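Please read the structure below before turning to the comments.
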Amino acid sequence: MTSWQLILAASIACLALKVFGYAIPAHWLERPTTGRVANLLTVALLAALVAVQTLGSGQHLVVDARVPAILVSASLYALRVPFIVVVIAAAVVAALLRLWFGLA
Amino acid sequence: MNSARPSAVSAAVRQGIAVGIATAAYGVSFGALAVGAGLDVWQTCVLSLLMFTGGSQFALVGVLASGGLASAPAAIASAALLGSRNAVYGMRMKPELRTRWTLGAAWLTIDESTAVALAQPPGRARRVGFWVTGLAVFVGWNATTLVGALVGNLLGDTRAYGLDAAAAAAFLGLLWPRLRGRQAVAVGVGAAVLAAATTPALMPGVPVIVAALVAVLVGVFNWWERPAAAVRETPPAASAPPGSDGAP
């Protein structure tokens, strides 16, 4: 699969899901279980992505400059600092730890 | 068409534009991360134009960055699973919008447009809130994605600039407003632990899909539910100032 095929397949899948929402009868997703699973699915995927993006390196788990960076960003979110500022702060923390202390 | 007070409509317009401007700022981080993950500037821009749902876009490039093209199926599955909540939003918005422009409305159906619309009084203000927010975010998000992709191209070694840590922080920022209630926190912790634990054993990207099982299990059996839990899908920004967190 080429990068272009990947991008088009994933984009069309996401767009199709949006259209699907307008095409189905309203009562389908009004069952509490469906709504609850849809809500929790977002939480589970994002949490898994945080874990893998912080600790993963291919198929290995490593502790490197990303770990202190994510701890700093969690504290900043808790203080209600805006998204874009936190993302930049995380990059700066990781970059400086690598530059000054040679962290992986 | 019922005659809504002009003040309600102009409030919806103001909110929508404010959310569009706030969201545009994250487009830069997405553009830079996508290029860092190995996509070119065109591919990055097509993602923002066509997929146009931030969580899925970040997920796609995140999985791609860790596993390359070999992890394509997992990358597509992650993006689609994260995009499935837009179907729920669409179902919710359909009776509110009553439009013939179904494809356009579906295209613009994201966390922000749904949240701003539902924060307005029913009727014209709600429809205006949806369209203005959707269009403002669309324009801002795509313009700044291009800027981010061009900047990312200049950076070269993205790790030296901490872009890998920025990606983790971006996911945490999308997650943060959704961690309300015991059930959500339990699912978040369980999914993170399961994804990390299965990383050494599975292909890159697959641990994220496996972790989705936690949501299905907890959701179906309704473990850790609060007695008066609101079970209807609600965009996270609906009760907070819209656009204060999360990406489209």
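Assorted remarks:
- Fewest-first ranking of B:112, B:96, using other Cβ atoms within 10 Å as the exposure measure: B:96, B:112
- Between the C-alpha center of the stretch B:99-121 and that of the stretch A:52-104 there is a gap of 34 Å.
- Modelled label positions at residue B:153 and residue A:31, each set 7 Å beyond Cα in the direction of Cβ, lie 4.9 nm from each other.
- Other residues with beta-carbon under 14 Å from the beta-carbon of residue B:100 carry, at +1 per Lys or Arg and -1 per Asp or Glu, a net charge of +3.
- For chain A, complete DSSP H runs whose alpha carbons reach 20 Å or more along their own long axis and whose mean Kyte-Doolittle score is 1.6 or higher are A:83-101.
- Potential lengthening between residue B:224 and residue B:185 on full extension [0.36 nm per residue; Cα-Cα distance subtracted]: 13.1 nm
- Projected label distance in nm at residue B:8 and residue A:80, using a 7 Å step from Cα toward the beta-carbon: 2.8
- 0 to 90° range, to nearest 10: angle between helix B:206-221 axis and chain B longest Cα axis: 50
- In a simple Cβ point-charge model (Lys, Arg +1; Asp, Glu -1; nothing else charged), the stretch B:66-224 has a dipole of about 740 debye relative to its Cα centre.
- Mean separation of Cα contacts under 8 Å, 6 or more apart, over the residue count of chain A: relative contact order %: 18
- Projecting the Cα atoms of B:103, B:138, B:53 onto the charge dipole of the stretch B:1-139 (Cβ charges, centred on the Cα centre) puts B:103 farthest toward the positive pole.
- Dipole moment magnitude, nearest 20 debye, the stretch B:77-161 about Cα centre, only Lys, Arg, Asp, Glu C-beta charged: 460
- Pairs of Cα atoms nearer than 8 Å and 6+ residues apart set the relative contact order; for the stretch B:58-175 it is 18 percent.
- Global dimensions of chain A from alpha-carbon coordinates: Rg and Dmax equal 19.0, 58 Å.
- To the nearest ten degrees, helix B:6-36 and the longest principal axis of the Cα atoms of chain B are 10 degrees apart.
- Remark: relative contact order (chain B) = 34 percent; criterion is Cα-Cα distance under 8 angstrom and separation of 6 or more residues.
- For chain B, the C-alpha radius of gyration sits at 1.04 times the compact-globule guess of 2.2 N^0.38 Å, with N the residue count.
- Label-point separation in nm, residue B:49 to residue A:99, each point 7 Å along Cα→Cβ: 3.6
- With bins 10 Å wide beginning at 0, the percent of Cα pairs of the protein assembly as shown falling in each bin runs 6, 26, 37, 23, 7, 1, 0.
- With respect to chain B, whose longest principal axis is taken over its alpha-carbon atoms, helix B:72-97 is tilted by about 10°.
Every number in this text was worked out from the coordinates using simple rules, so none of it is lab data. In this text the structure is predicted, and so the values were computed from the model without any measurement. With ideal geometry, Cβ positions are generated from the backbone for all residues, glycine too; neighbour counts draw on all protein chains shown.
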